[in-house]
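No lab work stands behind these numbers, since they all come straight from the coordinates. Keep in mind that what you see is a predicted model, and the values were worked out from it rather than measured. As a convention, Cβ positions derive from the backbone with ideal geometry for all residues, glycine included, and neighbour counts pool all protein chains shown.
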Amino acid sequence: MPTRPFRFDPEKGLEVLLYVSNRIKNKNIYWVLKTPYFADKYHLEAAGRSICGDHYIAMRSGPVPSNLYDIVKDVRDLRRISAFVTKAHAAFEIQGRKFIPKRDADLQYFSKSDLESLDRAMAEIEDLSFSALKKKSHGPDYEAADADDVIPFDAFVKTIPNGELLLKALRS
């Protein structure tokens, strides 16, 4: 099995950012980017796949979806210019630490289980304080990675119920 068995879909990733930022109470980048972390765990448990194929980095304040964070930084810092970054910039902006969506997500990108997992994750974390959310996201998978390095997929999956069975199924 490859280290990361799912391929990142940037178009769907952008829609994930828009879906979350339009619905979560706390529009802070931290909450918007933590939602996919928990949603992917729920979705792996329910459907056996990631929502948009991202992988997670063990940063100081907890796991961060690597590619989604790159999209945010590209828009916020104007780091790269491409057709996709232009599209993302037209879809949202970052003001300080606040995520400002300019349109709603295109729901055609999502399955019912994608939306259920995202909604569940938002409901679970949106009222948490920064310190409570940070503590909640610092689990065994986070501890399995070196600082600022990729969280091993196996460690990520082992934190969900029946994670070992899912890993076995993904390997076959």
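A cut-off of 5 Å between modelled amide H atoms, ignoring neighbours fewer than 5 places along the same chain, links ASN28 with PHE99. Helical runs (DSSP H, four residues minimum) scored at -39500 (n - 2.57) apiece and divided by the length of the chain put the mean residue ellipticity at 222 nm at -16500 deg cm²/dmol. If you take every residue apart from ASP149 with its C-beta less than 14 Å away from the C-beta of ASP149, what net charge results, scoring Lys and Arg +1 and Asp and Glu -1? Charge balance near ASP149 sits at -2.
Using alpha carbons only, the radius of gyration of the chain set against its Kirkwood radius gives Rg/Rh = 0.94.
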